[in-house]
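A quick write-up on the structure given underneath.
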Amino acid sequence: MSDTLNPSAIYQAPPPSHNHKKGLKMTKKNETLVEIFSDGACSGNPGPGGYGAILRYGQHVKEISGCELKTTNNRMEMMAIIEALRQLKRPSEIRIVTDSNYVVKGMTEWMPGWIRRNWVNSQKKPVLNRDLWEMLLKLSKPHHIDWQWIKGHHGHKENERCDKLAKKAIKQCLRKKRGKAKHNG
């Protein structure tokens, strides 16, 4: 995505009654919607993990992916969105579609309580993945985001593609690791 693709918009936190399942309706006001589809995967949990994301703005589409050798599925779900948001150059109207209830609920329901309690969850334990939650919060602020959860592995075309990107990233990570081991051994 180039700088010129992303429309200007303002950030608004979703209201408490925000319905995550209903999408934004396309109107003249939001024809400039950026769609982000994301998925994370892990081979073992923890273990090698990957993420994939698709960014779509009108007819323009960009796919991204990446991996880590030791991570969790939840961290990869978050990294997919973090890396997608990093691609945006200006505040935008965004719809994020993910099969991660963890991410959707974290960003739309749990975050205010975590911040109020200084990053302690309702069980009085430190919030897991705080580093990524803080990064996601920072990257989200300039945007107006509609967070949507979908059921994973249920035939959603973009979610299935993101899953393939994430799994391919894991394989590439493992190949690199084996290549380094052979080179160093």
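A few remarks follow.
- From the list 101, 184, the one residue that fits, being among the polar types (S, T, N, Q) and at pLDDT 95 or above, is 101.
- Within region 44-54, the set of residues being crowded, with 19+ Cβ neighbours inside 10 Å and under 17 Å from residue 100 (Cβ atoms) comprises 49, 50, 51, 52, 53, 54.
To keep it simple, each residue is scored yes or no on (1) without any contact (Cβ under 8 Å) to a residue 60 or more places away in the chain; (2) touching a Leu at 6+ places or on another chain (Cβ under 9 Å); (3) at negative phi.
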position: 49; (1), (2), (3): no, yes, yes
position: 70; (1), (2), (3): yes, no, yes
position: 86; (1), (2), (3): yes, yes, yes
position: 98; (1), (2), (3): no, no, yes
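- Residues satisfying the stated conditions in region 149-182, i.e. in contact (Cβ under 8 Å) with a residue 40 or more places away in the chain, of a type in the set (A, V, I, L, M, F, W, C) and closer than 20 Å to residue 67 by Cα: 162, 165, 166, 169, 170, 173, 174
Conditions (1) of a type in the set (S, T, N, Q); (2) under 25 Å from residue 51 (Cα atoms); (3) crowded, with 19+ Cβ neighbours inside 10 Å, marked per residue:
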position: 99; (1), (2), (3): no, yes, yes
position: 104; (1), (2), (3): no, yes, yes
position: 107; (1), (2), (3): no, yes, yes
position: 117; (1), (2), (3): no, no, no
position: 130; (1), (2), (3): no, yes, no
position: 134; (1), (2), (3): no, yes, no
position: 140; (1), (2), (3): yes, yes, yes
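- Test: residue in region 18-25 that is within 21 Å of residue 149 (Cβ to Cβ), among the aliphatic types (A, V, I, L, M) and either at pLDDT below 50 or surrounded by fewer than 21 Cβ atoms within 10 Å (Cβ to Cβ) (or both): yes
- The single residue among 91, 112 that is surrounded by fewer than 12 Cβ atoms within 10 Å (Cβ to Cβ) and either within 16 Å of the chain's Cα centre (by Cα) or not small (Gly, Ala, Ser) (or both) turns out to be 112.
The values are calculated or read from the model by the stated rules, or taken from the named source; none is laboratory data. As the structure is a prediction and not an experimental result, all values here were calculated from the model. Please note: Cβ atoms are built from the backbone with ideal geometry, for glycine as well, and neighbour counts cover all protein chains shown.
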